[in-house]
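One structure is given below, encoded as structure tokens.
Just so it is clear, none of the values below were taken in a lab; they were calculated from the coordinates. These numbers come from a predicted model, not from an experiment. Cβ sites come from the backbone with ideal geometry, for glycine too, and all protein chains shown count toward neighbours.
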């Protein structure tokens, strides 16, 4: 919003707008989303229960690594919620996570699910080891579950009541045959023999 006001007052040389309707029209012309954020922010100044944007700001600051004191200072100014509120919200989200995932799956049970798994490992030796740590080891897994309402789920049975899944589960003969044909046979051949 400051860039909009700066442009209007300094670059375009317009006078300060005191009329609320005119101010609203000016903001909507420049940035329609800004008016929503501004309304929430102004409403939250006088009401401690309307703090959605402040909570988002506090959560963003906390996830960005801001210190507890800096978040609390911004809360005292009125721009954010306190660190205690951020921690309380994180606890509520963690407690409701299982129910949220279950609800999402039940709502989209007739659609295909796309599951992305990112398994992250980070192992580094420290340049200056301490008495307690010689390495920094991080490991976490991120799972993104998404569904597409335009793609139906894959049926378990075909229309003639035959299962689409392999009844042997893991067919070791098929795997061995595939490895022999695609890999083992090519190991004994040179590049030119394989290309020719």
Using only Cα atoms, locate the centre of region 123-196 and the centre of region 60-86, then give the distance between them in Å, rounded to an integer.
43 Å
How tilted is helix 52-63 with respect to the longest principal axis of the chain? Cα atoms for both, answer in degrees (0 to 90, nearest 10).
60 degrees
Using a 10 Å cut-off on Cβ atoms, rank the peptides 109-115, 148-154 from the highest mean neighbour count down.
109-115, 148-154
Given the peptides 18-27, 76-85, arrange them by the average over their residues of other C-beta atoms within 10 Å, most packed first.
76-85, 18-27
If I take the Cα coordinates of region 88-163 and project them onto the principal axes, what are the three extents in Å, biggest first?
66, 35, 19
May I ask for the Kirkwood hydrodynamic radius of the chain, worked out over all distinct Cα pairs and given in angstroms to one decimal?
24.5 Å
Between the helical axis of 32-45 and the dominant principal axis of the chain, each derived from Cα atoms, what acute angle in degrees is found, rounded to the nearest 10?
60 degrees
Give me the distance in nm between label points sitting 7 Å out from Cα along the Cα-to-Cβ direction at residue 194 and residue 178, one decimal.
1.8 nm
Percent relative contact order of the chain, based on C-alpha pairs within less than 8 angstrom and at least six residues apart?
10 percent
Cα axis of helix 68-77 to longest principal axis of the chain: angle in degrees, 0 to 90, nearest 10?
40 degrees
